[in-house]
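Report on the following structure.
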Amino acid sequence: MTENSRRGRFFGGGGGKKNVSNLSDFLSPEEGNRVGLPPNIFAFDSDPTARTFIFGTIDNEVILYKSPGTSIAIKLDDVLIMDVRFLGEDTIFVLCEEGIVIKLEVCENALKNVGTCTIPLENGTLIDWRVSDVQTLRDNTFLYTAVKNEIFRISKSNLAIKVFVTKDDWNRAFQFLDESIDKSCRCILTSAKNPENMLLVGPDGYVVRCHDGKLEEVVRMQNGDGSNIRQLVWDSDLLSIYGIAENHKFTKWNVQFPHWHSRFDIKEMEGFAADFKEPFPTDTMFHLTVLKDVENNDDFIAYHGGKSEHSSDELNTITIRQGNRVAKFEHAGAIVAIRAFDDIPSDPKLTKKQGIFVVVTSNEVISIDMNTWKIMRPMYFYNVNNTELTCQFRALDVDENTWMRLLEAGKNHWTNLGYSLRPFPFLNTSTTFPNEANPEHSAYRQVHLTGHSSGNICIYASGGIHMYCILVIPTSAEFLGDIELNRGDLAFSNDPNKSLEQVAVQKVGDFDNYSDEKSFTITHLYFDAKKGTVIAANDGGFILSYDICDVESTMKDVNPVKISITKPSMQNTNTLIPRNMTRIVQAGYQPTHRNFDATFFQLCPNVPVTALNFNSKYNCISIGTDSGFFFVDLKHAKIVKKVDLHIDEGASEVATSSRSRLKSLKESVRQTFRRKKTFGKSRRGSSQSRSRRWRNSFSKRLANLNHTAPTLPTEHRDDSAVGMKLNKTQVESYGERQIEARVELAHSIPIWLVTCIQSLRFPLNNKSAVDDIIAVGTSGGKIQFFKIYEDHIEDYISFGLTKVHELRLSQPQTVLTVGLSCDEGYFSASSTRLIIITDLQTRLHSLPGFAKVAKYRLTAMEGLKICKGVVGKLRSSKDSTATQLFLILLTNNGKLRIQSLPNLQDQSSIKFLRDEDRLAMKSCILTPDGHATHIVQYTEFHRLIIQKSHFPWSNL
């Protein structure tokens, strides 16, 4: 088994002469924490003392989340994770198939595999880890688990396995039952107040008390309907128990353990049972969890189960009740676990609030604030893939005033949707892990934007230890057929005569694979760090703009400014109809408007947007397409300049693209799993291939989550045949087809397709006067420079543009970015260079004059192509005032290349991504401060810090 801690990766030296005294002072890479949630969560546990979460995934990865959002991960090979359990603050048991138990310890901010043990199982015996419990005795902690009619005890200290209750003792306790009855243990319930006693649930509702490994007494538990109890759960005071019956009703029972020679007493509390006689849940009940009420003795109870007129078979229902007060909600993901957390006040003098319920699903974590009966704001565990993620943008050094207004807009956003703003109480900062970063730190004020197929724009605070979601902008609200966001205030009933089936149920959570719409899909984003303006382009041909507004507004009809395109190369068939009705927009992000008319732009006909930029000084939006580029005045909703790009000077019409096609997750899944003909072969069942065994176990694990029988079709077996031979009849089933390697597909694109638009400041002629420049790069290697200036047009002030220069590279190549080798406002004619990064090379040009100074052809030297590039300013770890500029490049072999300036020599390469991970390469964002972020499996962000000394979380 291999360990994958969160420590940084190695970086090796590159070729060429080095022009820095000590490169290690500037490069100190370290892998950052995970953001979002791992895909396909299958197992979960929490430590109420340390307030930590542990997740196990179907991909056999274990992730620990600790304060405040710090994550530690380890990948376990050659095992199949079935469950995870905490045995103290620093010890985790990973429970795997075939009775394998792996012990992990939290040490030095990493998960370390310290040992393995295996429960001896008979051939063909399956273990259900749900029938287990943890108990602390004196100076050691034990895990108890049942395998049919045998109880095992596993020690935390040395992983010693002991048969706690033998088969003979168990069968002797139930010898009065018919031999045909399955006598397996159904539930294990240990006692914290009476650690020498535990309750074991057997067949037909019989419960046996176990005292130090000896079975003492057997009693039968049935509810008022005569249904047998199958599961027991302690109440919040650990004095009484809730019993769940086979008819999925629950009642409360009083338990008294014997003193010396007195008898064990357990009886139903009639008064409490009568209160719950009606209503009862009508659907299968699992995961019953109890939360203490700090105001009275009436517990909060949450469970997976229940039904209403709005319930759907595709959704899972969660019911929360306290006395006669009932609330219900539904979620699209499979329910993995429900946990209860008491409130821990930051000051002991403060009054304790009601606790929270945490519902863990296969793709989301939902928290319910029982102080207000509202869903809590999804900050730390916000699913990145709430709908398909389509584009990203990162902005640094957000203006301090804009940052505070952005945070306030986030509070207004969640408040208006009915969410609770209460902070997550499970985060405990009194550990060895660092506290949250200082918001006044300039590196803290960063935002990360994501665009989604539903038209939503998510804005994350990305400068702290953990990225968290500030707010969501639903751009679909500007059009007909908009997709509404789910609310956070639960609908509940206080009517004791109202049956549970009549309680209104609502859908909660942000994950929804079916709420996307092609026309709403966000294709490009831009965030202005000075004003907070958000510019977005969607697949419906609209350019949208949003500003922060501190008061609510009444918006009139949406009348977009149409941008006519004379000779479009290709068109989108997606169409959107603007909303033509008055609506009230709450304080926060609102459409940019003039006299309450939203200022939007529409491309006519609808052509794909390929580049987007915004110059806040002139309120100029620059839009690049495959048919030309356009400059529009956002303030006055005017089109200032249009430039059509066509074939000129005998140039070839097409150029080979250096970019690979990347299918979406849904398309990949559709083409990965196909119906195929399978012919059975005569072979013994004991020689099953590992791939089939994994697939069958995967099906079984999914069935355990949803508590239904496995549904994945498999090859038909004849159980009566000797050796379990497969039928030789031809059967049809779903099989996994190997995904073909996606190579560079040479598809044709126009050489005039705009690939980048950058706003720059450098002198054109007079070295002492700096001009505002907009550079437009194309896929054919041509770069045009436009000077932008203030212009008086009739009765208002707008801007004008003049083309001042054009660069043509020697061969067609995609221009990725254009930048300067200096900080903004610090231009020097003797040292500042114009930097051009294409997919084939990096180039330097002198200013003014645009004369070529140097170039480095990465393709010619090493056969690599550049996927991303940025001009980075790295700070010395020894002297915070010492900085140096580098080029940070991501190449198609998954490495980050660091090139020095001004001689363009490779200084170092850092192994960052797997070269076959096209999704990560396409989604990767590099920032000038040495920060790299990419998507993993569509659900998480992973971060790499190239120079950790510059960041607030540098002590991780």
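The values are calculated or read from the model by the stated rules, or taken from the named source; none is laboratory data. Predicted model only: the values in this text are computed from it and were never measured. Counting neighbours? That spans all protein chains shown, and the Cβs are built from the backbone with ideal geometry, glycine included. Note: accessible area is taken over every heavy atom of the protein model, side chains too, but ligands, DNA and RNA are not part of it. Shrake-Rupley method; radii C 1.70, N 1.55, O 1.52, S 1.80 Å.
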Legend entry - GluC sites (Glu not before Pro) restricted to DSSP loop in segment 81-185 with at most 10 other C-beta within 10 Å: E108, E122, E179
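State the percentage of accessible surface on segment 187-239 attributable to carbon and sulfur atoms; use a 1.4 Å probe and exclude ligands, DNA and RNA.
Within segment 187-239, the accessible surface is 42 percent carbon and sulfur.
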Inset, instruction - Using label points projected 7 Å from each Cα along Cα→Cβ, tell me how many nm separate K162 and N416, to one decimal. - result: 6.2 nm
Legend entry - In sequence order, calculated HN-Hα J values of segment 70-87 (Karplus, 6.51, -1.76, 1.60; Hz; x Gly/Pro): 5, 10, 10, 10, 8, 9, 10, 9, 6, 9, 10, 6, 10, 6, 9, 9, 7, 10
Inset, instruction - Roll a 1.4 Å probe over the protein chains and send me the accessible area per residue for segment 574-641 in Å². - result: 35 Å²
Inset, instruction - Starting with the highest mean, order 550-560, 126-136 by the number of other Cβ atoms within 10 Å, averaged over the residues of each peptide. - result: 126-136, 550-560
Inset, instruction - For segment 532-574, state the semi-axes of the equivalent ellipsoid (square roots of 5 times the eigenvalues of the alpha-carbon gyration tensor), sorted largest first and rounded to whole angstrom. - result: 28, 12, 9
Legend entry - Per residue accessible area of segment 149-203, 1.4 Å probe, in Å²: 46 Å²
Legend entry - segment 94-141: Rg to Rh, with Rh as the Kirkwood radius over Cα pairs: 1.04
Legend entry - Sulfur and carbon atoms: percent of accessible area, segment 550-626 [1.4 Å]: 49 percent
Legend entry - E217 versus K567: modelled label distance in nm, points set 7 Å from Cα along the beta carbon direction: 9.5 nm
